[in-house]
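Below is one structure, written out as structure tokens, with a few remarks after it.
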Amino acid sequence: MVLCTLFHCKHHRLLCICGLLLVLVLASTAFAGENIAVYPYLPKGYKSIRVFDSQGRFVGRVLAEKRYWVEIDQIPVFLQKALIAVEDARFYEHSGIDMRGIARALVKDVMKGRMAEGGSTITQQLIKNKYFKGEKTIERKVREGILAMEYENKYSKKQILEMYFNEVYFGNGAWGIAQAARLYFDKTPQELSEMECVILAATPKAPTHYNPLGDPAMIDKRKRLILSQMVSLKMITSRKAKELRSRRVSFTKQGEAPYYVAHVRKKLMEQYGPDIIEQGGLDVITAMDLRMQRLAEKALREGVQRINPQLQGALVALDPKTGDVLAAVGGIDFIENPYDRAFSARRQPGSAIKPLIYAAALEKGYTAGTIFNDAPVSYGRGNGRKWTPKNFQRKYYGDLTLRQALAYSNNVISVKLLDAMGVPYFVDFASRLGLTLNTGNDLTLALGSGEVTLHDLVGAYMPFANGGLRPRSRTIIRVFDRNRRTWTETPLSISSVISPASAFITTQMLKDVLTYGTAKTLKSFVMKRPAAGKTGTTDDYRDAWFIGYTQQIIAGVWVGYDRPKPGGTGFTGGAVCAPVWGRFMRNALAGKPVSDFSKPDTVVRVMIDPETNELATPECPVCREEFYIAGTEPTKPW
């Protein structure tokens, strides 16, 4: 009474606490019955799924996301003691609230002039975690105390501890001891060592700071406090505490390549069903090259952030001969935004679709030297509407060969070419290359109106780099159980989708894109190593693309906003994505042999007169080399 009077003006709220303590002491209402275990019981012997790259280097883990319930008899006694020592030394003496602890908290309240959180028992912490998530208020504290006493009347101390360990948060998304033991040590709770128990007992107080992946200095300080408390409570001897302090603890490697690992998780669920993740205990050998994966993540992150930190991006690299996904980055920061833009996001590719149109034309009998005129033309859209495709910056050049039109990414000629071939023919051709274009009989397909994923578009370019052969994409090569018995193996699956001649000539045309076309920023790259590729930019500069390849690697880059909006003038595939591609490929190919694309016997090399695009005569002052499918080459001068 004297204490309350002294601080009446400044701390009148404490009178409420003093007055309501009697309510807490008298509270004894039976709590509505509920099952203790509110989640499935933890399967015995659970192990995570480990993911390795193609060389056997550890990459990461696929963890079960379900919350599992662990019975108190499966939670180490040492962990129970460590928690009680640091959180509630009088746990077995009180009935839900600790009057001594409350008295200490009241003094702290008075000294600090605010509502403190101290004085909470393990039972109160359980109640707070289950029912109260809001701010610290007197009313909440009172209700918390009442419910704590009701819990103590209803449940045994062992049951309360069991509920606590299964409900409390251990940081980094781990709710309950089952997830915590799995995340930090890849163990079941029963398998935890004594020092691992101490570390986990340290976490619930402040999961952000004291979790095993937090500040080592803070964690060490907390560990020492727990061991000291255990000695004071005669739970362990001083010698035992000293011995434990000297022990080193190894945490589970948290892994790398989160977007790639997340895709592996998805593929496992597609192949084996969702229960496979919960069963665990597998080793997965992926197609990834961990060195390339790291290079891809670095190149994308640095390249995008140089432009605008608000942008997103993705990068996919494949082996064109096997279809192996060497690297896949689905965004800039997985923790901030795990959405996979490499495999899942469907966006308009813009002009990056054009190589498929020109390759389809070669298959239909057109040649790289076929001439089209890019004079504007209008097409009927029904209901009296017309559509007039326009070139970039509305520049028109007159007659151009298909080689030139592709290098300059000429819109008008691309539309005219698609119109001449027929949209159904092209849609069928694209499907053979792995693209599904659901846009109907629409000439806007020539400008990339059909949405695709980055992975699928990169895959569609593979035949150009691989003599017309298209391997099926692989992320998972082999799956073992922990006894190294092979579960499944993904064999190579390769099909011929276009002629070697069309593939070679398409590549020769795409080489020009990097020397004098829309990706000429990469000219220095192709001076050292033969490469081909194509830029893509959608209307209003919303999406930027670049897909390029050498004989060894084919890689694609996409940059844009998740909610499509203009990136501004200059936001083009050549300016934004090609530099990212260049940085990645230079490093990824370092030390690898330089080789050019092999010309098949079905392709002939002819010297032509660039003025006429016919066979050059001896008198021709300037001649140019051109490639033709045998039988389509010019045979006489103009």
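Structural remarks
- Condition met for N391 (of a type in the set (S, T, N, Q) and either touching a Ser or Thr at 6+ places or on another chain (Cβ under 9 Å) or touching a residue at least 60 places away in the same chain (Cβ under 8 Å) (or both)): yes
- Every listed requirement among (1) in contact with a strand residue (DSSP E or B) (Cβ under 7 Å, 6 or more places away or on another chain); (2) not in a loop (DSSP other than H, G, I, E, B) is met by G255 save one, (2).
- All of S120, S48 fail the test of being farther than 27 Å from L147 by Cα, of a type in the set (S, T, N, Q) and modelled with pLDDT under 90, apart from S48.
- Within the range 126-141, residues that are modelled with pLDDT under 75 and surrounded by 16 or more Cβ atoms within 10 Å (Cβ to Cβ) have Cβ atoms under 6 Å from residues that are not polar (S, T, N, Q) and not in a helix (DSSP H, G or I) in these pairs: R140/F132, counting only partners at least 6 apart in sequence or on another chain.
- Test for D109: is it surrounded by 13 or more Cβ atoms within 10 Å (Cβ to Cβ), at pLDDT below 90 and under 26 Å from K221 (Cβ atoms): yes
- Residue count for the range 614-638 satisfying the condition of being at pLDDT below 95 and among the aromatic types (F, W, Y): 1.
- Near pairs, Cβ below 9 angstrom, 6+ apart or cross-chain, from the range 67-78 (of a type in the set (A, V, I, L, M)) to any residue that is assigned to a loop (DSSP other than H, G, I, E, B): V70/L42; V70/T188; I75/L192
- Beta carbons closer than 7 Å, at least 6 apart along the sequence or on distinct chains, pair a first residue in the range 482-493 that is part of a loop (DSSP other than H, G, I, E, B) with a second that is among the hydrophobic types (A, V, I, L, M, F, W, C) and at pLDDT 90 or above for T490/I476; T490/I477.
- Matching residues in the range 542-587 - criterion: being part of a helix (DSSP H, G or I), out of contact with any Phe, Trp or Tyr (no Cβ under 6 Å at 6 or more places or on another chain) and surrounded by 22 or more Cβ atoms within 10 Å (Cβ to Cβ): G574, V576, V580, F584, M585
- Hey, K267 within 26 Å of Y68 (Cβ to Cβ), exposed (fewer than 13 other Cβ atoms within 10 Å of the Cβ) and touching a residue at least 40 places away in the same chain (Cβ under 8 Å) or not: no
- Qualifying residue in the range 279-295 (condition: among the aliphatic types (A, V, I, L, M), assigned to a strand (DSSP E or B) and under 27 Å from A503 (Cα atoms)): no
- Conditions (1) assigned to a loop (DSSP other than H, G, I, E, B); (2) closer than 17 Å to A85 by Cα: number failed by G214: (2)
The values are calculated or read from the model by the stated rules, or taken from the named source; none is laboratory data. Given the structure is predicted, the values throughout are model-derived calculations rather than measurements. Reconstructed Cβ throughout: ideal geometry from the backbone, glycine too, with neighbour counts over all protein chains shown.
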